[in-house]
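Reading through the structure tokens given below for one structure.
The values are calculated or read from the model by the stated rules, or taken from the named source; none is laboratory data. Because the structure is a prediction, the values reported are computed rather than measured. Note that we place each Cβ from the backbone using ideal geometry, even for glycine, and neighbour counts take in every protein chain shown.
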Amino acid sequence: MNGETPTGSVSSSRIDSGVLRRILHGFGANAYSQIVTIVIQLAGVPILLHAWGEQLYGEWLILAAIPTYLSMADLGFSQSAGNDMTARMGRGDTQGALAVFQSLAALVYGLAVAGLALVILLVALLPLGHWLHLTSLSTSEVRWILWLLVAQVLVKLADGVNHAGFRANGDYALHVQINANTLLVQQVGMWGLALSGCGLLVAAAWFVGVWLVATPAVALLLFRRHPVLRPGFVNARLAHLQGLLRPALANLSLTLANALSIQGMLLVVAAVMGPVAVVTYSVLRTLTRLVVQGIAAITHAMEPEVARAWGQGNSNLVRILYLRGMGISLALALGVGIALYFLGGLVVAFWTHGKVVMNAGLFHWLLLAAFTTVLWQSAVSFLKALNRQVRVAMWFVIASGAGLLLAYLLLRWTHDLAGVGMALVAVDIGVGVYALLLANRLSGLHRSYAS
């Protein structure tokens, strides 16, 4: 998985029933997860605006954005190890998969504890409330909210180890469904607390409490369903993860780039224009991201099967999965994008009960950015399945950082939120061309695999 290349086709152009069944189950689970995400996003905005008001809700968005960077605390190993384990299971190397699993668990748990300790210290020392223009919360409240939200992210990070185990054993769909249900419970509970008069601190405590229960419970389910994976660190060795270092760091880079592009832009808007502008940007970005979320149900379902086929040396199936995934994704994104173009204004007015005014310039640029993201996201998902995403990840980080700078300058110069959308489109075009060229070559569309 880390250095070998499939040497040829070992099957016909048809996808066998077992692979197709897992893809369909994965697609169904991802579709359900996306529906849950959409419900959370669409329902959450009017509920929290009503319960907390625009200022306090904007401050929640700002605080909740900060800990997302800690989702990178596993250094990208969870995704790479999951794909490596899937390839090993595909060729019957169960002992190798177990060794990688236990090594991953030791690494992630250790990094989560270290990350929590570091953040506790930083939050206690830095004047974050002043830097982020938070006026509704005391310094003590800001610190406690951030500590709890950080703890939630790190506990959830440990669930990435569970996901690698389910994924490697062909049970990807089950874990996706469990994760979606957990998120739904988390969000609905928070809405109830907010409507009952509770503030941000109680909401943050609820967030971490849900995952403190869910993560160990899901681990127990994994070991019961798939006894080939056992808890403990007996087989854990640093050497088991050394071959995954480069793709893991590439995954880390992709996560960083996504955080810069999504949450980083939100923080740029907050720094230049304040919490009210953050709400407008967040609402329109959430709506236009429906284009991207729709294709995630397809690409994520394909990814484990691409990894399995790659591990088996089935180059023909690898190519078929890539092309079909790309074609379906583009068709779906085009349909959703056209619908949003004509109905976006009505949706925003209905969704927010008129509390958020449509910024047409920003909306159209964000919609274009979402579609350009779709053009290359299937390619990046394909590269991740093969653990061959190193070069595109480096380029994505550079482009995303440049995009933040461009957005900041445009906002300072024009004081128009549309500048953020322009910056996002520039990033997507720059990354997209390179990602598509690399994926086409690796899939065999250029007659050979790159090593």
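When Phe363, Phe350 are checked against the criterion of being in contact with a Gly (Cβ under 8 Å, 6 or more places away or on another chain), within 30 Å of Gly53 (Cβ to Cβ) and not hydroxyl-bearing (Ser, Thr, Tyr), a single residue qualifies: Phe363.
Please state which one of Ala106, Ala51, Ala114, Ala99 is under 15 Å from Val228 (Cα atoms) and at pLDDT 85 or above.
Details: Ala106 fails: under 15 Å from Val228 (Cα atoms); Ala51 fails: under 15 Å from Val228 (Cα atoms); Ala114 fails: under 15 Å from Val228 (Cα atoms).
So the residue among Ala106, Ala51, Ala114, Ala99 that is under 15 Å from Val228 (Cα atoms) and at pLDDT 85 or above is Ala99.
If only residues of segment 69-95 that are part of a helix (DSSP H, G or I) and either in contact with a Cys (Cβ under 8 Å, 6 or more places away or on another chain) or within 10 Å of Ala248 (Cα to Cα) (or both) are counted, the one that is modelled with the lowest pLDDT is Gln79.
Just one of the listed residues (Val420, Val374) is in contact with a Phe, Trp or Tyr (Cβ under 8 Å, 6 or more places away or on another chain) and surrounded by 19 or more Cβ atoms within 10 Å (Cβ to Cβ), namely Val420.
Do any helices (runs of 4 or more DSSP H) lying entirely in segment 220-318 carry at least 1 residues that are within 30 Å of Val357 (Cβ to Cβ) and more than 16 Å from the chain's Cα centre (by Cα), and which ones are they? Result: 265-273, 275-288. Given (1) more than 19 Å from Pro231 (Cα to Cα); (2) crowded, with 24+ Cβ neighbours inside 10 Å; (3) over 22 Å from the mean Cα position of the chain (by Cα), identify the lone condition not met by Ser80. It is condition (3) that Ser80 fails.
Among the residues of segment 230-241, some residue qualifies, meaning at least one is modelled with pLDDT under 90, of a type in the set (Val, Ile, Thr) and either touching a helix residue (DSSP H, G or I) at 6+ places or on another chain (Cβ under 8 Å) or within 23 Å of Asn179 (Cα to Cα) (or both).
Table: residues versus (1) surrounded by fewer than 23 Cβ atoms within 10 Å (Cβ to Cβ); (2) not in a helix (DSSP H, G or I).
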| site | (1), (2) |
| --- | --- |
| Thr135 | yes, yes |
| Val150 | no, no |
| Val153 | no, no |
| Asn181 | yes, no |
| Met190 | no, no |
| Gly197 | yes, yes |
| Trp211 | yes, no |
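Given the conditions (1) within 25 Å of Leu116 (Cβ to Cβ); (2) in contact with a Phe, Trp or Tyr (Cβ under 6 Å, 6 or more places away or on another chain); (3) not acidic (Asp, Glu), report the number of the one that Leu229 does not fulfil. With (1) within 25 Å of Leu116 (Cβ to Cβ); (2) in contact with a Phe, Trp or Tyr (Cβ under 6 Å, 6 or more places away or on another chain); (3) not acidic (Asp, Glu) applied to Leu229, the lone miss is (1).
Out of Val397, Val348, one residue alone is in a helix (DSSP H, G or I), at pLDDT 85 or above and closer than 18 Å to Gly421 by Cβ. It is Val348. Out of all the residues in segment 353-374, is one or more part of a helix (DSSP H, G or I) and among the charged types (D, E, K, R)? Scanning segment 353-374, I find no residue that is part of a helix (DSSP H, G or I) and among the charged types (D, E, K, R), so the answer is no.
Can you confirm whether segment 2-13 contains a residue that is under 23 Å from Lys384 (Cβ atoms) and at pLDDT 85 or above? No, segment 2-13 has no match at all. Taking first residues from segment 216-240 that are more than 15 Å from Phe166 (Cβ to Cβ) and partners that are surrounded by fewer than 12 Cβ atoms within 10 Å (Cβ to Cβ), the Cβ contacts under 9 Å between residues at least 6 apart in sequence or on separate chains come to Asn235/Gln95. Residue count for segment 237-280 under the criterion of being surrounded by fewer than 19 Cβ atoms within 10 Å (Cβ to Cβ) and farther than 29 Å from Ala407 by Cα: the result is 7.
Picking from residues in segment 375-389 that are closer than 11 Å to Leu438 by Cα and assigned to a helix (DSSP H, G or I), the one that is modelled with the lowest pLDDT is Trp376. Checked against the criterion of being part of a helix (DSSP H, G or I), under 18 Å from the mean Cα position of the chain (by Cα) and modelled with pLDDT under 85, segment 18-31 contains not a single residue that satisfies it.
Cβ-Cβ distances below 9 Å connect the following pairs, each with a first residue in segment 257-274 that is on the phi > 0 side of the Ramachandran plot, a second residue that is part of a helix (DSSP H, G or I), and a separation of six or more residues or different chains: Gly274/Gly58.
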